[in-house]
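In what follows, a single structure is set out as structure tokens and then discussed.
The values are calculated or read from the model by the stated rules, or taken from the named source; none is laboratory data. As the structure is a prediction and not an experimental result, all values here were calculated from the model. In this analysis, Cβ positions are derived from the backbone assuming ideal geometry, glycine residues included, and neighbour counts consider all displayed protein chains. Keep in mind that these areas ignore ligands, DNA and RNA; they rest on the heavy atoms of the full protein, side chains included. Shrake-Rupley method; radii C 1.70, N 1.55, O 1.52, S 1.80 Å.
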Amino acid sequence: MENEDSQKERKGFSLGDASQGTFGMTESLNSMANQKSGIKCEDQPSELVKDEKDQLQSRMKKWKKRMRFQPQNVVMDKDAKHEYYKKLVDSSEADNLELPRVVSVMEHATACANEIESMLSAIKQHSGNKTALQTLPRHLRRRAASHNAKRLPRRLRELAKQQAAQTSDTKNGVTNKKAITRQKRRRKLHLQNEYAKRKGKQGWLETHVWHAKRFHMSCASDPQFAGWRNRVALHPNDKCFRACYRAAAHHCLLQDISYYKCLELSGERDSLLKIFKTSTYTPDQSFLFDDSVVNGKKECTIFLYDTDITPALCIGPASVIWQPINDNTTSDTSVWIWIHPVVLESAFKLLKSYTDLHANVRLRDCSENLLRFRLVGPKSSVTLLSTLHAFNYSKNDGEKESKEIPDEIASWLASHENIIPQQYARFMSKMKECHQAVFNPIEKDHESLDCENGSIYSLVIDDPRLTLPLQKTVPSFKSTKALCKANIDVEQPEECPTESMLWDDVILKKISSSRLPDHVVSTRIREAKLVPTEKGYSTPLPVMLIRHSGHEEAIHGEHQTVHGGPQTGFASGWDLILPSNWGMAFWIPLVYHRVRTGGLREKKRIQLECKAPHFPEDFPDTFAGMRWWQVEKQINHDKYFKKPPAKRPNFSVLASPFPFAPCWNYLFSCDDSISKIKISDDCQSVSNDDAVDCNKINSGSVLIKGTSSPAVVLLSNEASANEKLAIKPYSKRKAETAESEVIASKRIKILVHDEHFCTVYKDQSKLQLLRKLIVTKSYDDVAKMLVRLESTYPRCLVCVKVTLLSKGVPSPPAMLSLPGEDDIASFVESRCEVLSDEENREVDPVEMPHWDPYRKERKLATKAAKQRRKSKKKGIPPVPQQHPYSFNVFPSRKIIGFITSGDFLNSYASGGGVGFITLKSLLLLCENLKMLPESLDLKLHSGLIALMRNSNSFQYRFVKLDLMNQ
């Protein structure tokens, strides 16, 4: 009874309010003392009771001290529970809410027990991809423990049993899904699904999977390939520099250039000619295609321009193919325009602005329907002869095969029954002529005019997989002689038509969808050749072949020795255009004929061996070229400043003001007394916030005069720092004064073309005339012509071939400098008088070391770097250091140009490349030719003598410059 009373008293105390708490507290403490001692209060001594009372009083004081801030007017309910969720009720009911003063022990203990149980179960459960054996350190893992749980420590045995049970069958007989074996994962259906997921936003060519296993591919995050819309094969994994050169020079090199985009213009022929005349600029403003081009017999290369701006703004090169004309065709026709993917959007917007003016002209992108391969080398003709076999068709056979061939294709074949064998016979004869012109010196000069550069040949062939050799074999002309004789007997008209099914969009889609799978027609799987006429294996495939003649011999007879440059016809070959979905069906047979495959690097090297400009890096007058060098400048800048000062060249001491990218604005400084610091600052890039937005350049978001061509606004030094090298979109503003009424686009035009923008002179007739005047030493006529051109084009560059006359290899952006009189005198003395003395042949000048004005700043930079490291440890974000993009120390010899592409050339056995110089510098170089004797002038083939120096070297090298038309 005493215990029950005492519990009630304690409970009553705990539920009573603060005013009655004192009495309950003393009473409960007395009962607790009685229970501990086991003696009633009456039997205890007075002193002991007094001590206990004192303790109780002290405890009461402490309790009152703690409770003095508690509310005094709260009515407590003894039966109230711990329900804090009542705070979620309405505010009107919250005033009468009763708050508990105690915690329900049983409910609290139950909740804690549940939490502890869930925590223990979570600890026991295994989360992650590791097995029980993998959780152990490596030195404790045993092979036997992988299948025997008793070999594991006791703490992991239960986990190992659970993991083993998950992989085994359950009691109900339902088995869990096991991992797919590699054999099933490598099936074609699984691979196609996986590849479809991996493509993402970056497109894949049809040969991407084949290249990805053997080549280095371009990365989607690489800014150099941001606007290409496809991942491209860069170069093979193996070392193949010389192998690819030998293939291009003596055998066959195969490249997939399907990343080039194809735009189709369709409409009336007269309207199309007007559009091309408007979008293609020539100095005399009179551009017309040849008759062979308009009739669809040849491919022509043009340059797209935005002619609304004066001078015209170049967009980029394009290859044009006209649809062939026949008797049944109307005035409507179509034109294919093959362009680089970087300029696709700007070219599309430009042509779209012109087509809007002509209601009967339509523009569309047909890149997804066509593929394009390039074969380079003298044996490319034999390779195509052994790969492309004729499709034998007759009306009787068409009736039998009507079930296999779609109606649209069958009707086209029936209407062109006589043309198909004539086209193939013409193809065979021209292949024979091209092969004999290269390998038979007797008939080398008797090449037919039909096989000249750009000639088009249309064919209808059979599936190349049907004649795929079981093993890789090298094709020979002897093995194709019998085939040539059988097809050349067909009567050929004087003008064989070049009509093709590729121009019909409906037929093209039928052909792409009617491709038989590889397991049906693959000779490698069957290990035997198939007969095309059996079981409907034969499929008509339209293809188009385009001839490119390659390197042409220079007018001075450049190729006179073994290492005098590439021979005439180097890099000649064929472009193969075929329907989509048939890429690998042609690629594998070509590879099985022992061709060498190359990537983008090999394509650049072939252009460089011919000393021909490559798009976009060798086109500084286009925005694609400007964007390329802007990105290249940033890459070289970051790579340079990642190295410590002791491990990188000092460009101030070397007097290399522009080591990361060429600065064309420096070349056009009219006054030599202009402040060099001003010029350097003008060519120096700014911070990331003010840098050129490459995406805007590529997308063509910056418009000029209402057209669709993009423009970079490069402002002068007087402009604010925020406007330097920045892109400003076109915006219409209200006129405030009379001067502000000028159209904003005209202001942009003045800034672009009068201060920083440059053009490249491309008039072929004028350039050929200028070369002849230099050869004949008509320097007065050269001076008059250059003065006239400079007045018309004040900011104009000329493309030149660069050939080193001694040691050295140019590395872009190397500087082209003007030699002084002493340099020319020493060059003449060493070349003419003592040619046998090797010591005197090394007379190339050397740049003397310069004083570094940034020496103190570099020392302060090391201290600032230490301070940044300390602040980084403290958690303070460091301020990024601003590094210069150009240096204010200039060489002693005047810079007249830069090299944009250069390397060691195998055909010359020396260095060479492609560069650009100003028109004004041509006059100075021609004056130096007057100092050369006639004997030396003939040996140099009347080339211009200049100096070349790499950015990381003091050594100058004498080079020969030859004018070149792009």
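A compact table of results
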quantity	calculated
The stretch 461-480: number of residues that are surrounded by fewer than 14 Cβ atoms within 10 Å (Cβ to Cβ) and not in a loop (DSSP other than H, G, I, E, B)	2
Residue satisfying condition, being modelled with pLDDT under 85 and part of a helix (DSSP H, G or I), within set ALA164, ALA220	ALA164
Test: residue in the stretch 406-416 that is closer than 30 Å to GLY625 by Cβ, assigned to a helix (DSSP H, G or I) and either out of contact with any Cys (no Cβ under 9 Å at 6 or more places or on another chain) or at pLDDT below 90 (or both)	no
Inter-residue pairs, beta-carbon under 8 Å, first closer than 13 Å to TYR424 by Cβ and hydroxyl-bearing (Ser, Thr, Tyr) and in the stretch 497-510, second assigned to a helix (DSSP H, G or I) and modelled with pLDDT under 95, 6+ apart	THR498/GLN423
The stretch 404-425, residues that are closer than 17 Å to LEU384 by Cα and in contact with a Pro (Cβ under 9 Å, 6 or more places away or on another chain)	GLN423
Out of LEU925, LEU961, sole residue that is surrounded by fewer than 23 Cβ atoms within 10 Å (Cβ to Cβ), touching a Leu at 6+ places or on another chain (Cβ under 6 Å) and at pLDDT 90 or above	LEU925
Restricting the stretch 649-674 to residues that are farther than 14 Å from VAL889 by Cβ and surrounded by fewer than 20 Cβ atoms within 10 Å (Cβ to Cβ), the residue that is modelled with the highest pLDDT	ASN665
Residue check for SER266: under 31 Å from the mean Cα position of the chain (by Cα), within 22 Å of ILE315 (Cα to Cα) and part of a loop (DSSP other than H, G, I, E, B)	no
Residues being more than 21 Å from GLN422 (Cβ to Cβ) and among the polar types (S, T, N, Q) - total across the stretch 497-513	2
Number of the condition not met by VAL293 [criteria: (1) assigned to a helix (DSSP H, G or I); (2) in contact with a strand residue (DSSP E or B) (Cβ under 8 Å, 6 or more places away or on another chain); (3) open to solvent by 10 Å² or more (accessible area, probe 1.4 Å)]	(3)
Whichever residue in the stretch 145-156 is in contact with a helix residue (DSSP H, G or I) (Cβ under 6 Å, 6 or more places away or on another chain), assigned to a helix (DSSP H, G or I) and open to solvent by less than 80 Å² (accessible area, probe 1.4 Å) and, among such residues, is modelled with the highest pLDDT	ALA149
Subset of the stretch 648-662 (residues that are in a loop (DSSP other than H, G, I, E, B), among the aliphatic types (A, V, I, L, M) and farther than 22 Å from VAL631 by Cβ)	ALA655
Among the residues listed as ALA243, ALA249, the single one being in contact with a Ser or Thr (Cβ under 9 Å, 6 or more places away or on another chain), small (Gly, Ala, Ser) and within 30 Å of HIS435 (Cα to Cα)	ALA249
Tally of residues being among the basic types (Lys, Arg) and either free of Cβ contacts under 8 Å to residues at least 24 places away in the same chain or open to solvent by less than 20 Å² (accessible area, probe 1.4 Å) (or both) across the stretch 229-245	1
Odd one out for LEU385, checked against (1) at pLDDT below 90; (2) assigned to a helix (DSSP H, G or I)	(1)
Top-ranked residue of the stretch 354-368 - restricted to ones that are of a type outside the set (Asp, Glu) and part of a loop (DSSP other than H, G, I, E, B), ranked as most open to solvent (accessible area, probe 1.4 Å)	LEU357
Number of the exception - TYR393 against (1) over 17 Å from ASP462 (Cα atoms); (2) crowded, with 17+ Cβ neighbours inside 10 Å; (3) modelled with pLDDT under 90; (4) touching a helix residue (DSSP H, G or I) at 6+ places or on another chain (Cβ under 9 Å)	(1)
Members of the stretch 763-792 that are surrounded by fewer than 19 Cβ atoms within 10 Å (Cβ to Cβ) and either touching a Ser or Thr at 6+ places or on another chain (Cβ under 7 Å) or not in a helix (DSSP H, G or I) (or both)	ASP763, VAL775, THR776, LYS777, SER778
Residue check, ARG142 modelled with pLDDT of 80 or more, in a loop (DSSP other than H, G, I, E, B) and surrounded by 10 or more Cβ atoms within 10 Å (Cβ to Cβ)	yes
Subset of the stretch 296-317 [hydroxyl-bearing (Ser, Thr, Tyr) and open to solvent by 30 Å² or more (accessible area, probe 1.4 Å)]	THR301, THR307, THR310
Qualifying residue in the stretch 809-820 (condition: at pLDDT below 90, at negative phi and not aromatic (Phe, Trp, Tyr))	no
Any hit, the stretch 614-634, residues being open to solvent by 30 Å² or more (accessible area, probe 1.4 Å) and not in a helix (DSSP H, G or I)	no
Residue match in the stretch 227-244 (condition: within 25 Å of ASN581 (Cα to Cα), assigned to a loop (DSSP other than H, G, I, E, B) and modelled with pLDDT under 90)	yes
When residues of the stretch 904-922 are limited to those that are open to solvent by less than 10 Å² (accessible area, probe 1.4 Å) and of a type outside the set (A, V, I, L, M, F, W, C), the one farthest from ARG957 (Cα to Cα)	SER907
Test for ALA226: is it free of Cβ contacts under 8 Å to residues at least 40 places away in the same chain, aliphatic (A, V, I, L, M) and either open to solvent by 40 Å² or more (accessible area, probe 1.4 Å) or touching a Pro at 6+ places or on another chain (Cβ under 6 Å) (or both)	no
Verdict on ASP575 being of a type outside the set (Lys, Arg), at pLDDT 95 or above and outside any helix (DSSP H, G or I)	yes
Residue in the stretch 592-605 that is within 16 Å of TYR908 (Cβ to Cβ) and either at pLDDT below 95 or not hydrophobic (A, V, I, L, M, F, W, C) (or both) present	yes
